[in-house]
Every structure is written in C-alpha cells, then in structure tokens.
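Worksheet: the structure to be examined is printed underneath.
The values are calculated or read from the model by the stated rules, or taken from the named source; none is laboratory data. Computed from a prediction, not measured in an experiment: that's the story for all the values here. FYI the Cβ positions are ideal-geometry reconstructions off the backbone, even for glycines, and counts take in every protein chain you see. Surface areas here come from the heavy atoms of the whole protein model, side chains and all, with no ligands, DNA or RNA. Shrake-Rupley method; radii C 1.70, N 1.55, O 1.52, S 1.80 Å.
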Amino acid sequence: MIALTLQRMGRWALERLERLGRSNLFLLHVVPGLPGLLARPGLVVQQTFAIGVLSLPIVVVAGLFVGMVLALQLYNTMVDFGAEQSLGPVVALSLVRELGPVVTALLFAGRAGSALAAEIGLMKATEQLSSMEMMAVDPLRRIVAPRLAGGIISLPLLSAIFSAVGISGGFLVATGLLGVDSNAYWSQMRANVDLFDDLANGVIKSVVFGVVVTWIAVFEGYDAAPTSEGVARATTRTVVNSSLAVLGLDFILTALMFGDDT
Amino acid sequence: MADGSSLVEIRGLRFAYSGRTIFDGIDIDIRRGGVTAIMGPSGTGKTTLLRLIGGQEQPASGSVRVDGMEVSRLSRRQLYELRKRMGMLFQSGALLTDLSVFDNVAFPLREHTRLPEEMIRDLVLIKLQAVGLRGARDLMPAALSGGMARRVALARAIALDPMVIMYDEPFSGQDPISMGVLVKLIREINDALGMTTIIVSHDVHETAAIADYLYLLSEGRVVEHGTPDELQRAGSRWTRQFLNGLPDGPVPFHYPAPEFGVELLEPGSSR
Ligand SMILES: Nc1ncnc2c1ncn2[C@@H]1O[C@H](COP(=O)(O)OP(=O)(O)OP(=O)(O)O)[C@@H](O)[C@H]1O
Ligand SMILES: [Mg+2]
C-alpha cells in the first residue's frame, strides 16, 4: 500500500519533471525562430492584434472595477489616519507595482492563453501542423514564434492599460463619491510615483508574465494529444499552470525588487 | 528493379508504434515518372508509409531513400529542402482553417517563392481551375464538403510543381463525376509535368485504372506487387480477394482480438 503510494508519487513527479524538460526544449527550438520574424513583421502585428484585442474588453472592465474598489477600500483605512489626500499615489502604486501586472496576467491566461492553446492544439489534431511540415514550412517558426512574440508584446501593453484605467476608476470614486480633492489626487501621485523604481518594477513583472503565460499556452497547445479531449486538457492546463506560475513568480519578483530598493 | 530509375527506394524497412509492429521488413521501389499505388486493408500502415517517406517518422531499421538521399540521415535543412520538392495530399485534406481556399493554395508559393502577387494569383487560379474549384476561391475551408476540401488540398499539393506527389486516399468522399475527373487529373498531372506519383488507396478499380504498378501490403509485409494486369491474372488467393472485394478469404476484416465467443463468455471482465 505504502509502496504503491510512493510509486504513484514518484511517477507523478517524474512526469512533471519530464514535461518541464520538454517545455524547455520546446522554447529552445522556438527562440531561434524569433529573429526571423523581423523579416515578416506582418505575422507578429497580426498576432499581437488578435491576442491583444481579444483581451482588451475584459482588461478594461476589470481595471475600472479594481481601481474603484481599491479607492473605496483604501479610503476607509486612510481616512482614520487623516491621510485621505494621499489616496492617489497609494492607488497608483498598488496598481502599477502589483495589481496591474498580476491581475492582467491572470485575465490574459484565462482569455488569450486558453485560446492560443486551443488554437494550436486543434491545428495539431486536424493535421494542419503536419501538413505544414510536409510543405517544408516549420510550424515552430510560422505558427508558434509569432504567437509567442505577440503575447510577449501584448501583456505589458494590456497591463499598462489596466493600470491607467484603474487609476482613472479610482479617481472617479475618490473625487465623485468620497470628496477627495482632484488636484491632490493627481499632484500627490505625480510627486510620489517614481518612473524608474515603480513603473519599471511593473513593466519588468508584466514582461516576465507575458513570456511565461504565452510560453505555457503555446507549449500546451503544441504538446496536446491530437484529439478533442487532448485539446480540452491543454486549455485547462494552460489556465491552471500559468495562473500558478504568475502568482509564484510575482512573489519572487517582488521580493527581489523590494530587496533592491531598501 | 534497383536499376537507378527509382525515385524512392525502400529496403528492409521496419517500423513500430509503441511496440506494435507496423512494418516488418518491406522493400518498395517507386519508379520515376510512373504512378505507383500502395494498397492494402485499412490499418496496415499506408499512411504511416507516406509519413516515413516524408521524414515525419523514423524507421526502426532499414532504409528509405528519396532521390538517392537517405531520409532519416538528412539534417533538418536538407529535409526541408527535400520536402519542397514533395507534395502530399493528406487523408483529411488538412487545409489551414484560418485561410481561404485561395490563400491555402497560395500558401506554399508565398512561403517559398518571392513571386509577385499577380503571378501567384494566376498560378493559384490555374491550379484551382484544374480541380474544378476556381469558383470556390473565396470560401473558407469550413464551408467546403469533404470531397471539395480534398480537391483544394490537391491543388495546394501541386502548387510548387513538386517532383513527387503522394496522395493519401484521394478518391474517398468523391461523387462519381468528380471521381472520374480526379482519376484523369492525377494521371494527367503526372504525365504532363513529368512527376512521380504515389497513390495510397483502397479504391481498387479507380486506382488500378491509372496505376502503372501496384504494391499490396498486409500485416507488415508486401504481399504482392506487379502491374495491375499481372496481379489480376496471376495473383494469389489473397490478392484476388482484395482486388475483388470479397468478404471471405485470407484477409482478416477484424483488428487482432481474442476469439469473440471466448471474450463474450469471459466472466468478470467489465470492458
Ligand atoms: N500516432 C500513432 N500512434 C500509435 N499507433 C498509431 C499511430 N498512428 C497510426 N497508428 C497505428 O498504426 C496502424 C497503421 O496506421 P495507418 O494510419 O498508417 O493505417 P492506414 O493503412 O493508412 O489505414 P487507412 O486505410 O484506414 O487510412 C494502425 O493500426 C494504427 O492503429
Ligand atoms: Mg491512412
């Protein structure tokens, strides 16, 4: 009984490790195809557009609500300390450093990541990738690389939009509902949010998340069993694995970058 | 037969999918300029054979040579160069679903040539005209019937005028009219463009009508080969059963399984 359980755990761990290894090899094969995309910018633009626009509505709506809720919650605490005039920078910092990159990456995984995995998985299941190979067109270069590039470009842009919309949402609530002075909201924000420290912090995070989420999505799609069940599993795995990866990496990155500041 | 005029030369080929032997030492020669048909019951590995020739699978042992080159030893770059000279029609058609019919046929041209767009347009229309689907050029693959999709895939496979073209079941799903046209077309493409053709099919009559040479595969081996006439006249009991589509004879209809009676009576098995 115990032996059996151990055996199962061992096999489970081995399978995970093997997948991890395969996904690394996969990336190693895709990356050399990225420079070649410079010769065909159309492919990347098309994918950036498809992936970015796909996630835009959900990112804008979510950003608005997160910003508004943030203003409400923070105001309640800050007013006790008489610090409500600093609402602007606190909302902005929370969004730019933390919530913008993380929440956008999670939404991106659910919306664009799953779609990417399903698209590539279905292309595999219907032999489209095979037929490309037989036409001497490498699917890693023609299909996977532009999508990887598109995802990596899209996520930082989406995060920026999320934060911008969130800050505006916070502004609406702060001035319209809570009576914070609108000049204070903006000027305090400008005085206290540092371009390099804070913005760069958020941008680094969202670039890392963009790489990881898109990588997981295209790998899962490409690695899917060529059946409808296989594609379904690939989409689920994409969302689960990339969400966990984003949250885990966020902790590591935050720890590293705060360590830098102090 | 190894007289140097074979474009594809297969010797002692062995291949297995996860332990299940598919080929157990086969020799096949595909002659330059001819139409060679590979026939055999469903599941004998005809599609697999084409994948081996195209370098998408690796033989366990034996050799597959195309135009003098050992396919499994080519570097990736060499393999891709070779594939540019090979056309393949997939059993499912395998059209790119996000591109229109026109763009599907134009795909290999756009990927591999720097032809101006007007010339690509002309070439695509010529190929589509040949398969009778010029009028369908703006449709998306989802709007095509199975037989139409196969014909578009055929137009795409010949877009680059390859030296060898491999058809996987070109006739299934075709009505009698398009079937007749297709049979003639395959022969004409082969002769007019000086190509070499490999057809995988179990449509015995259509295939025998255009093939110069037939190979019959079963259970991992070449059971018989020869011109259609030779096989009809001198073939074994197996060959005649297959060519005439008789249900009884040495060719099994069933995938290997234990005796049906035994399995039905087996107690306690849930599957
Ligand atoms: N990817 C795979 N993994 C494992 N087994 C496979 C795989 N592909 C095919 N097979 C097995 O290999 C055998 C040959 O398959 P193949 O598709 O080559 O047959 P076929 O001769 O083309 O049949 P059909 O005439 O029905 O198309 C089948 O029995 C199938 O079960
Ligand atoms: Mg087949």
Quiz item: Just one of the numbered conditions (1) in a helix (DSSP H, G or I); (2) of a type outside the set (Lys, Arg); (3) exposed (fewer than 14 other Cβ atoms within 10 Å of the Cβ); (4) more than 14 Å from chain A (Cβ to nearest Cβ) is not true of residue B:142; which one?
Solution: (4)
Quiz item: Given the conditions (1) more than 25 Å from residue A:109 (Cβ to Cβ); (2) open to solvent by 20 Å² or more (accessible area, probe 1.4 Å), which single one is not true for residue A:185?
Solution: (2)
Quiz item: Here are some residues: B:97, B:48. Which one is under 16 Å from residue A:142 (Cα atoms) and either more than 8 Å from every other protein chain (Cβ to nearest Cβ) or open to solvent by 60 Å² or more (accessible area, probe 1.4 Å) (or both)?
Solution: B:97
Exercise. Mind listing whichever residues of region B:157-205 are open to solvent by 10 Å² or more (accessible area, probe 1.4 Å), away from ligand 2 (no atom under 16 Å from the Cβ) and in contact with a Phe, Trp or Tyr (Cβ under 7 Å, 6 or more places away or on another chain)?
Key: B:179
Practice problem: For residues that are over 17 Å from the mean Cα position of the chain (by Cα) and either surrounded by fewer than 21 Cβ atoms within 10 Å (Cβ to Cβ) or not in a helix (DSSP H, G or I) (or both), tally how many sit in region A:143-172. | Solution: 2
Quiz item: Do you know which of the residues in region A:113-138 that are of a type in the set (Asp, Glu) and within 18 Å of residue B:153 (Cα to Cα) is farthest from the other protein chains (Cβ to nearest Cβ)?
Solution: A:133
Quiz item: Can you find even one residue in region A:142-150 that is facing another protein chain (nearest Cβ under 9 Å), out of contact with any Leu (no Cβ under 7 Å at 6 or more places or on another chain) and more than 14 Å from residue A:50 (Cβ to Cβ)?
Solution: yes
Self-check item: Those residues of region B:166-203 which are closer than 12 Å to residue B:36 by Cα, more than 16 Å from ligand 1 (Cβ to nearest atom) and hydrophobic (A, V, I, L, M, F, W, C), in sequence order
Solution: B:186, B:195
Self-check item: helices (runs of 4 or more DSSP H) fully within region B:196-247 counting 1 or more residues that are under 17 Å from residue B:30 (Cα atoms)
Solution: B:204-210, B:228-234
Quiz item: Given (1) out of contact with any Ser or Thr (no Cβ under 8 Å at 6 or more places or on another chain); (2) buried (at least 17 other Cβ atoms within 10 Å of the Cβ), where does residue B:114 come up short, assuming only one miss?
Solution: (2)
Practice problem: Quick one: which residue in B:66, B:35 is away from ligand 1 (no atom under 14 Å from the Cβ), among the hydrophobic types (A, V, I, L, M, F, W, C) and touching a Phe, Trp or Tyr at 6+ places or on another chain (Cβ under 9 Å)? | Solution: B:35
Practice problem: Can you tell me which residue within region B:5-33, out of those that are open to solvent by 50 Å² or more (accessible area, probe 1.4 Å) and within 16 Å of ligand 2 (Cβ to nearest atom), is farthest from the other protein chains (Cβ to nearest Cβ)? | Solution: B:20
Exercise. Mind listing whichever residues of region B:145-166 are within 14 Å of another protein chain (Cβ to nearest Cβ) and small (Gly, Ala, Ser)?
Key: B:146, B:149, B:153, B:155, B:157, B:159
Quiz item: Regarding residue B:135, is this residue open to solvent by 50 Å² or more (accessible area, probe 1.4 Å) and either assigned to a loop (DSSP other than H, G, I, E, B) or of a type in the set (A, V, I, L, M) (or both)?
Solution: no
Quiz item: How many residues are surrounded by 10 or more Cβ atoms within 10 Å (Cβ to Cβ) and of a type in the set (Ser, Thr, Tyr) if we restrict to region A:5-28?
Solution: 1
Exercise. Among residues belonging to region B:72-83 that are of a type outside the set (A, V, I, L, M, F, W, C) and surrounded by fewer than 17 Cβ atoms within 10 Å (Cβ to Cβ), point out the one that is nearest to residue B:148 (Cα to Cα).
Key: B:81
Quiz item: Among helices (runs of 4 or more DSSP H) lying entirely in region A:13-115, which contain 3 or more residues that are farther than 27 Å from residue A:195 by Cβ?
Solution: A:41-78
Practice problem: Report, ordered by the first and then the second residue, all pairs with beta carbons closer than 7 Å, sequence separation of six or more or different chains, a first member in region A:134-145 that is at negative phi, and a second member that is among the hydroxyl-bearing types (Ser, Thr, Tyr). | Solution: A:144/A:222
